[in-house]
Amino acid sequence: MSAYRLTRSYHFSAGHRLASAALSDDENARLYGQCFRPHGHNYTVEVTLAGTLDPATGMAGDLGELDRTVERVLLDHVDHYDLSSAVPALDGVITTGENLARAFWGWLAAALPPGRLERVAVVETANNTFEYCGSRSLR
Amino acid sequence: MTPAPVYVTRKFTFSAAHHYRQPAWSDEENRRVFGALTVPHGHNYALEVTLVGAVDERTGMVMDLAELKRLVGDAVIARFDHADLNADPVFASGRIPTTENLVRACWDLLAPKLGAERLHRLRLWEDPTFYVEYFGS
């Protein structure tokens, strides 16, 4: 059982638009409203790790190592890109906050030691947050 | 296997007046327990509504946030924004409009509209230093 949870925030800015390839422009405009128009956000991604305390270091997670991993597998692929057209790993994904949280979880879980990733939150604006924690339940 | 759910949180704000008074107690007892809170005052509240659900793969969404905004706006914000909470029927029978009681009142207003299984958590901020979370019963 991991006694600690560590959360670190990252920022990136990216363009996107919400559109389903299965729908016409009119249907997409009706479904997604303003979000159908190309626009962008200053995104915040919160990455939460679970860990146990290493008595030698006093740390339950190495934030420097986490920074390098997040930069390599996430930020380098999305910062100042158009999420809806220029990110191969998001091909075919409607770039809602829900889908981004799941996608980022997948990228990070594959790069971090098994079992360490506890939660990924995509903060799209100060008012909208999307959280994914795999099969865990959120508290 | 059922796909893992996504948690979606949207923040709303409203401003309201309240004061604390337990009608069963004397003025002196009220002042002793509640202090400055016996005097009518107000707060800028922030209500974070967290939904949980499967992503609709056709839309990529758990719920249309514009619809959420409309539902919460109609059920909670229109009712409590720039209102005296003590005058609301919810708090008329001596139920004190604490943050705890207010978040529960918000839950009772929203759960029937959103579905108790979809409403995961309400977090009500009374001011930037204090919030109460409620997860239903």
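Among the residues of the stretch A:3-34, those that are surrounded by fewer than 16 Cβ atoms within 10 Å (Cβ to Cβ) and either within 19 Å of residue A:74 (Cα to Cα) or away from chain B (no Cβ under 14 Å) (or both) comprise A:3, A:4, A:5, A:7, A:8, A:9, A:11, A:13, A:25, A:26. Restricting the first member to the stretch B:60-78 and to residues that are within 9 Å of chain A (Cβ to nearest Cβ), and the second to residues that are surrounded by fewer than 19 Cβ atoms within 10 Å (Cβ to Cβ) and β-branched (Val, Ile, Thr), no beta-carbon pair is closer than 7 Å while six or more apart or on different chains.
For residue B:115, indicate whether it is small (Gly, Ala, Ser), crowded, with 18+ Cβ neighbours inside 10 Å and farther than 16 Å from residue B:133 by Cα. Against the criterion (small (Gly, Ala, Ser), crowded, with 18+ Cβ neighbours inside 10 Å and farther than 16 Å from residue B:133 by Cα), residue B:115 does not qualify. Of all residues in the stretch A:86-105, exactly one satisfies the criterion of being more than 8 Å from chain B (Cβ to nearest Cβ), surrounded by 15 or more Cβ atoms within 10 Å (Cβ to Cβ) and more than 14 Å from residue A:16 (Cβ to Cβ), namely A:105. Within the stretch B:1-42, the set of residues being within 14 Å of chain A (Cβ to nearest Cβ) and hydroxyl-bearing (Ser, Thr, Tyr) comprises B:2, B:7, B:9, B:13. Looking across the stretch A:119-139, the residues that are within 14 Å of residue A:96 (Cα to Cα) and either more than 7 Å from every other protein chain (Cβ to nearest Cβ) or surrounded by fewer than 21 Cβ atoms within 10 Å (Cβ to Cβ) (or both) come down to A:121, A:122, A:123, A:124, A:125, A:128. In the set (1) within 18 Å of residue A:123 (Cα to Cα); (2) basic (Lys, Arg); (3) in contact with a strand residue (DSSP E or B) (Cβ under 6 Å, 6 or more places away or on another chain), the condition left unmet by residue A:5 is number (1).
Conditions tested, residue by residue: (1) closer than 30 Å to residue A:23 by Cα; (2) surrounded by 16 or more Cβ atoms within 10 Å (Cβ to Cβ); (3) under 14 Å from the mean Cα position of the chain (by Cα).
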| position | (1), (2), (3) |
| --- | --- |
| B:60 | yes, yes, no |
| B:104 | no, yes, yes |
| B:125 | no, yes, yes |
| B:129 | no, no, no |
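Looking at the stretch B:79-90, which of the residues that are over 18 Å from residue B:48 (Cβ atoms) and without any contact (Cβ under 8 Å) to a residue 60 or more places away in the chain is surrounded by the fewest Cβ atoms within 10 Å (Cβ to Cβ)?
Here the residue is B:89.
Where a number appears in this text, it was derived from the coordinates with a stated rule and is not lab data. Only a predicted model underlies this, so the values are computations on that prediction, with no experimental measurement involved. Don't worry about glycine lacking a Cβ; one is built from the backbone with ideal geometry, like all the others, and counts go over all protein chains shown.
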